[in-house]
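Report on one structure; see the data block that follows.
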Amino acid sequence: MTTATSNTAPGTGPAGGKPVRQTDYDPMTTPYGVNENDFPWGGPADEQAAFLLRYAILAPSTHNTQPWKFALVPGGIEVFADYSRRMPVVDPGNRELLMSVGAAIFTLRVAAEWFGMECRVTYSHSGDSERPLAVASIARREPPAQGDEAIASLFGPIVRRHTNRHPFLYSRVPRRFCAGYGGSRSGAGVGGRLHRRQRQQSGQRACRRRRPDAACRSPVQERAG
Ligand SMILES: Cc1cc2nc3c(=O)[nH]c(=O)nc-3n(C[C@H](O)[C@H](O)[C@H](O)COP(=O)(O)O)c2cc1C
């Protein structure tokens with residue numbers, strides 16, 4: 001099993017990183033040096049699947065814990081939650097830990113699509129580190145999805161995005177961004193719509209953080225006056 005975890009501090013990767021030759025690539029020290037031109041097009045299936053993990057490990061994770069493990073198995077990849085990385089005080093229910101593993105799986109799916117692989121994920125309710133949380137079956141599919149704009153818009157940012165740690169904006173996500181979350185031919189797109197009540201609740205939480213002494217009003221109330 002591989003932990004395939006990077007130890008690069010947030011913020012030192014995509015912005016400051018330089019492309020490195022494949023021989024220099026090391027998931028521990030140069031994770032953002034991944035180069036799509038190094039994809040082993042003629043290589044065996046397990047080598048191709050392993051390459052996809054270079055992208056999966058760039059996913060965001062709660063407090064940068066990277067609480068995932070992967071095992072290459074015939075026909076795909078087993079994904080494990082690494083509960084040794086749980087943060088019982090800030091994340092007692094492992095909710096954010098599981099969201100982080102989900103982010104890694106999503107990134108894996110996007111990379112698979114990009115390189116023309118069929119990636120089907122089966123989830124289980126495993127609550128321990130020994131059994132996989134999900135199994136990604138990966139198979140070749142032609143043609144690659146590089147011409148698919150929806151996949152391109154998700155794949156490119158994998159190596160560019162990083163968390164800026166600025167305070168959350170107290171404003172709505174602009175409509176033009178929401179429009180792009182509709183989905184892709186593979187269904188790998190993310191749902192961009194929050195239920196109205198969730199939006200109000202998250203707005204109220206942001207309000208409390210910014211103005212803990214103020215009576216909290218939802219974004220809807222705020223705009224109304
Ligand atoms: C489920 C989840 C919750 C997160 N919560 C916060 C948060 O509350 N505040 C914040 O600044 N970043 C948050 N992050 C971002 C992580 O801190 C960030 O992904 C991690 O430090 C790695 O840095 P990177 O995103 O630049 O790769 C969260 C990420 C995930 C996946």
Exercise. Which is surrounded by 13 or more Cβ atoms within 10 Å (Cβ to Cβ) and either at pLDDT below 85 or in contact with a Ser or Thr (Cβ under 7 Å, 6 or more places away or on another chain) (or both), of Gly127, Gly180?
Worked result: Gly180
Problem set entry | Matching option when the condition is in contact with a helix residue (DSSP H, G or I) (Cβ under 6 Å, 6 or more places away or on another chain), surrounded by fewer than 17 Cβ atoms within 10 Å (Cβ to Cβ) and modelled with pLDDT of 95 or more, among Pro67, Pro10, Pro60 | Pro60
For this session: Check Gln146 against each of (1) modelled with pLDDT under 95; (2) in contact with a Cys (Cβ under 8 Å, 6 or more places away or on another chain) and name the one condition it does not meet.
Result: (2)
For this session: Determine whether segment 18-27 contains at least one residue that is assigned to a loop (DSSP other than H, G, I, E, B), at pLDDT below 95 and within 16 Å of the ligand (Cβ to nearest atom).
Result: yes
Seminar exercise, completed: Filtering segment 28-49 for residues that are within 16 Å of Trp114 (Cβ to Cβ), in contact (Cβ under 8 Å) with a residue 40 or more places away in the chain and assigned to a helix (DSSP H, G or I) leaves a count of 3
Seminar exercise, completed: Expected output for segment 62-86 (first residue free of Cβ contacts under 8 Å to residues at least 12 places away in the same chain, partner within 14 Å of the ligand (Cβ to nearest atom) and polar (S, T, N, Q), Cβ below 7 Å, 6+ apart or cross-chain) is none
Problem set entry | Count - residues of segment 105-129 that are in contact with a strand residue (DSSP E or B) (Cβ under 8 Å, 6 or more places away or on another chain) and over 17 Å from Glu36 (Cβ atoms) | 9
Exercise. From Glu96, Glu113, Glu118, which residue is over 18 Å from Leu53 (Cα atoms), touching a helix residue (DSSP H, G or I) at 6+ places or on another chain (Cβ under 8 Å) and touching a residue at least 12 places away in the same chain (Cβ under 8 Å)?
Worked result: Glu96
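The values are calculated or read from the model by the stated rules, or taken from the named source; none is laboratory data. Because the structure is a prediction, the values reported are computed rather than measured. Here the Cβ is made from the backbone with ideal geometry for all residues, glycine too, and neighbour counts use every protein chain on show.
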